[in-house]
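Heads up, the thing below is written out as structure tokens.
Each reported figure results from applying straightforward, stated rules to the coordinates on display, with no laboratory input. Note that this is a predicted model, so its numbers are computed, not measured. Because the Cβ atoms are built from the backbone with ideal geometry, glycine has one as well, and the counts that use them run over all protein chains shown.
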Amino acid sequence: MKYRFGGKERLLTFGTFPDMPLAEARQLRDEARRDLRDKVDPAAVKRQAAAEAALDGITFEAMARAWHVHQRPRWTPVHAGEVLAGLERDVFPAIGDKALAAIDVPMVLDLLRAVERRGCLETARRLRQRISAVFVLAMSEGKAMADPAAIVRKALAPSMGARRQPALLDLEDARALIAAADHADAVPVVKLASRFLALTAVRMACVRSAEWLEFENVDWDGEVIGPTLPVWRIPAAKLKLTVAKKSDVLNAHLVPLSREAVDVLRAVRTLSGRGRFVFPGANVGTRIGETAVGRLYAQTRFEGRHVPHGWRATFSTVLNERFPAQRALIDQALGHVAKDKVEAAYNRAAQLARRRTLFQAWGTMLMAGAVSPSALAASAAVKRR
């Protein structure tokens, strides 16, 4: 069929005779004329139909798993597992077995709104981004014609934004929480883990994964004195860093240990012995549960007012109020990246000594009047008898 489009003469071929009957060729000709009437190039329509037919065998799940393998070197193992688990839970059951060419905008929107109805607005937003990324990779490899996830972004419910973690910002309240946790119904290891979390102001994941070999210069039997004082060297691989930074041992976070923090370690050592983890779970070789300390606080009158991660805000708020000139040092103590890269790298030993003074002041303030860690550990022995 000869026709003109865009000022140029073109030729459209429908098929070969006798494989294609004349009646079928005439039907395709009529459809081509309707495309021309609508100002659409029938050759372009034919090319798109052929491309979609060639892609019918590529399913979304196959492409998504290929995308995951492609991205995995840039992610931590934990994040890579979370991404794949989210796709397997919410996306593959809905569109995983469908060809890429068969997936349209309403399909993507339906599965994302199902996630929203569970109240998981942020999860729906992240899933849309990942579905879109899968289609972008497929398009770049010539395996898809469009990205149906791109257009649904504004059709999703608005994100609630990041919410602050509940935290006690008054020293007296913080002391009261420590006392209340001491009297709650929980095993001593969890109570001691709570204390150690409060005294070191690290993330809960670091406390849960703490191993005895990470502690340096600790006199397990004597007093915390001497020219070389105790420190907790948290490996970079356990910190909230990029994959590249996690692999560099120089990015380890050093936490100077106050006398109160060492007392906690000595007490828990009498309970857990010398296994791998400082705060072990009920079963050999395991750690305390991810929600163990949170459940401990839920038994107190501070339920809903403080969570384990809140100790970082408590530490920062209380110390900034008392030592306003030490704001940069307090940020360093929390493991925040310094804005001044040169200053951050200069004389690390001197910075560690200054942070030690800060942590000791915090430990002295927080644990004033608290039950001794050894008494908490002894309560476990009494229960065993």
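The label-point distance for Trp220 and Ser372, in a model that sets each label 7 Å from Cα toward Cβ, rounds to 2.0 nm.
Please determine, in degrees from 0 to 90 and to the nearest 10, the orientation of helix 259-272 with respect to the longest principal axis defined by the Cα atoms of the chain, where the helix direction is its Cα long axis. Around 80 degrees separate the two axes. Considering the chain as a Gaussian network with a 10 Å cut-off on Cα pairs, which listed residue, Glu216, Glu122, Glu141, attains the greatest mean-square fluctuation? Of Glu216, Glu122, Glu141, the Gaussian network model singles out Glu141 as fluctuating most.
Annotation: aspartates and glutamates with alpha-carbon distance below 12 angstrom to Lys191 (same-chain offsets under eight excluded): Asp182. Grab the beta carbon distance between Ile151 and Arg118, set R0 = 22 Å, and tell me the FRET efficiency rounded to 0.05. Result of the calculation: an efficiency of 0.45.
Projected over all directions and averaged, the alpha-carbon convex hull of the chain occupies 28.5 nm². When the chain is treated as a Gaussian network with alpha carbon springs shorter than 10 Å, the biggest mean-square fluctuation among Glu211, Glu61, Glu24 belongs to Glu24. Between Arg233 and Gln48, the distance separating the two model label sites (each 7 Å from Cα on the Cα→Cβ line) works out to 6.2 nm. Work out the FRET efficiency for Ala361 and Val136 from their Cβ-Cβ distance, taking R0 = 45 Å, and round it to the nearest 0.05. Given R0 = 45 Å and the Cβ-Cβ separation, E is 0.30.
Fully extending the segment from Ala85 to Gln299 would add 73.9 nm, taking 0.36 nm per residue of separation and subtracting the current Cα-Cα distance.
Give the shape of the stretch 60-155 as rounded, prolate or oblate, defined through the alpha-carbon gyration tensor: a ≥ b ≥ c are the square roots of its eigenvalues, a/c under 1.5 means rounded, and otherwise the shape is prolate if a/b is larger than b/c and oblate if not. Oblate. Label-to-label distance, Thr291 versus Ala353, with points set 7 angstrom from Cα along the beta-carbon direction: 4.7 nm. Principal-axis analysis of the Cα atoms of the chain puts helix 105-116 at an angle of about 20° to the longest axis. Comparing Val40, Val293, Val108, which has the greatest mean-square fluctuation in the GNM of the chain with Cα pairs linked when under 10 Å apart? Checking each option, the largest mean-square fluctuation is seen for Val40. Dipole orientation for the chain: of the candidates Ala378, Leu127, Phe359, Phe359 has the Cα lying most toward the positive pole (charges on Cβ; Lys, Arg +1; Asp, Glu -1). Considering all different alpha carbon pairs of the stretch 2-54, the Kirkwood hydrodynamic radius works out to 11.9 Å.
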